[in-house]
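Since the structure comes first, as structure tokens, the remarks are kept for the end.
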Amino acid sequence: MAEDEGALTSGIPDAIANAQTGKMGYLQVASIQPPKGGKYTFELSDGIKKIKCIVGTALSRSFQNDELIPGTVVQIFKYVPTAVAGKQTAIITKMEIIQKECEMLLQDDNKPLVALSPPAKAGGNPNFGSSISKSSGAKFGSISSGSSGNTSYMPIASLSPYMSNNWKVKARCIQKRDVNTWNKASGSGKLFSFVLQDDSGKQIRVTAFNEEVDKFFTTIVEDKVYIISKGRIKSDNKYKGAVDNDYSMTLSRDSSVDLVEEDAGFAQRTFNFVPIGNLEQYEENQFVDICAAVQSVSEIQQFTSKAGKELRKRNITLIDESNAAVDCTIWAALADKYTPENLSENTIVVVPGCRVSHFNGRSLSANSILVDQNNEATQRMQTWVSSGPTAEIKTLSVRGARKSDKKLTWEEAAAQNMGRIGEKGDYFDLIGTITQIPANMEKPPWYKACPEVDGKAESNAKVEEDGNGKWICHKIGKTFDSYTPRFVLRLNVQDPTGSQYCASYNDIGEEVLHMKCAEIEKHHAANDEDSFNECFRSSLWQKHRFTIRARLDNYQDEERVRYDVVRIQPIDYVSESQELLQKLQAL
């Protein structure tokens, strides 16, 4: 804003009432009326007068998602004067949310709408809109440019992608995750994330990529308070449940993160503890806070994922006064930090925001463990440990149990955050139809791999031509006279609730297409495009039972869920019919 920082702009209601254009500035939403005929209407105020306006179609989403509420301050960029039932109004076609929550600034809320004058004729006041508008004197806060002396901070609840980037938040870091790296054909990179909580208790997840990891990772420390500005806010529900916010923040090169040295009483973290004995009532992928005592700590386990990533994990068995025990898995640096030596039996811990899993009965996965917490719950737990259990401990985690199949739709998989939390991903079954298999002659869906001998290959790694008619595998350091093509297919799998593209590899490709990759490669080598296309087209619109692995992936510095088909089976219609009958009988 120009002269009066944080001030509403007077005169816009009068301009609209007189069918004048070109008047732009800051107004406040005085009221919102339910949509009629699909159109939203709302009253806009300059702090002195108000007028009813119509919402342009492109802006309706802001009302449908409750991004605008009475009191919201907006910046008007463009409107189209119009008359409805003989009354002058305007269609707002371009505006920006500046501050979602603000006290009502209308000086007299009972003041009637501005008197409606006859529409101005073309060629009216030539000076209208040519100078800086005068302020009505009504002020709104938390949108200043950061000038000296500003101590107002934007509430996390008011952050949205539709506001200007001229804000600051003051918040405590309540959780910090380790740096995650990736390295693949499309590029390499790294990221880390942390969770902020302000003094209202509202939280938001913040992510930094690449250069910002180097800049901010060592600065961010759990339980410290920071002032952060110029982050990029975006719609993001991938962590919905773990962090109760429809938006997340990404740090950029322009972002500022400043430590607040002494503010021990600010935004103290609160918990909603759940007894371990009640975990059987919770659905998979729900998030809970646990206060418990350590019963045992396992040795660290190291293994390699199918993607070739080295992983480390450790299991901690927790017990509490509900006389129940559960296994909690911790990963990577957290598993390195908490050992049987420094997390001894009967240590009281708080495990915030851990994810409930139905794997092996009931189990938990945690990204944070807090020791030496002093609150009512930890004091009560210490008393219980000192006096000992009052009954036999019930173990909710059954080690060695096989993971049962879970059949979901795409809609249910998204609602349950499948693949969004944890290192290993989640598995589920889905009944679906293959509707697309992208393939073309310019970029066929396979790669050249180490050759098979008697149906087996030393490696499935890629080979490259060495210029002498040989094929070299850099992974195993061997040269071959030939190669074996192996499928890398993308399948669009659709069910009644939606569709997703899924990656699949050679074994799945052979089952889907009912042929070896080498057979299709012959059509490609012969430049027989019709036969090539028919190989893929003949497998469309076939229904199967898919086993899907869902896990987080990174693409162009954005986190997304990747779906892989790991098994494909024909549908057992007898079993499916029996399952449907059971569901109908349960209604």
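Please treat every number below as a calculation from the coordinates, not as lab data. If you're wondering where the values come from, they're calculated on a predicted model, not measured in any experiment. All Cβ positions, even for glycine, are placed from backbone atoms using ideal geometry, and neighbour counts span all protein chains on display.
So here's what we get for this one:
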read-out: Extension gain from Lys443 to His358, taking 0.36 nm per residue of separation minus the Cα-Cα distance; value: 26.4 nm
read-out: Loop-located GluC sites (Glu not before Pro) in the range 242-332, at most 13 other Cβ atoms within 10 Å (DSSP); value: Glu261, Glu262, Glu283, Glu299
read-out: Efficiency of FRET between Glu452 and Glu310 - r from beta-carbon atoms, R0 25 angstrom, step 0.05; value: 0.35
read-out: Longest to shortest principal axis, alpha-carbon extents of the range 476-587, angstrom; value: 63, 37, 26
read-out: Under-5 Å amide H pairs with Gln436, H placed in peptide plane, nonlocal only; value: Asn492
read-out: Separation of the Gln542 and Thr479 label points, Cα + 7 Å toward Cβ, nm; value: 4.0
read-out: Extension gain (nm, one decimal) between Leu581 and Gln373, 0.36 nm per residue minus Cα-Cα; value: 69.8 nm
read-out: Ranked by how many other beta carbons lie within 10 Å on average, peptides 13-19, 267-273 from highest; value: 13-19, 267-273
read-out: Peptide ranges 92-103, 524-535 listed from the most packed, as the mean C-beta count within 10 angstrom indicates; value: 92-103, 524-535
read-out: Those aspartates and glutamates that a straight Cα-Cα span of less than 20 Å connects to Lys100, excepting residues fewer than 8 apart in one chain; value: Asp4, Glu5, Glu43, Asp46, Asp66, Glu67, Asp109, Asp198, Asp199, Asp236, Asp244, Asp246
read-out: Rg over Rh, two decimals, the chain (C-alpha only, Kirkwood Rh); value: 1.05
read-out: Relative contact order for the chain, counting Cα pairs under 8 Å that sit 6 or more residues apart, in percent; value: 8
read-out: Long pairs among Lys50/Lys170; Lys202/Lys230; Lys168/Lys190; Lys234/Lys309; Lys49/Lys234; Lys190/Lys443, criterion Cα-Cα beyond 24 Å; value: Lys50/Lys170; Lys168/Lys190; Lys234/Lys309; Lys49/Lys234; Lys190/Lys443
read-out: Solution diffusion estimate, µm²/s, Stokes-Einstein, the range 276-395, Kirkwood Rh from C-alpha pairs, 4 °C, viscosity 1.567 mPa s; value: 88
read-out: FRET E, pair Glu345, Asn278, Förster distance 22 Å, beta-carbon r, rounded to 0.05; value: 0.40
read-out: Added length on full extension, which subtracts the Cα-Cα distance from 0.36 nm per residue, Asp246 to Ser60; value: 65.2 nm
read-out: Ellipsoid equivalent to the range 156-260 - semi-axes via the Cα gyration tensor, in Å; value: 21, 16, 14
read-out: Formal net charge of residues neighbouring Met441 (Cβ-Cβ distance under 10 Å; K, R +1; D, E -1); value: -2
read-out: Spin-label pair Val488/Lys87, simplified geometry with 7 Å Cα→Cβ offset, distance in nm; value: 6.2
read-out: Under-5 Å amide H pairs with Asp178, H placed in peptide plane, nonlocal only; value: none
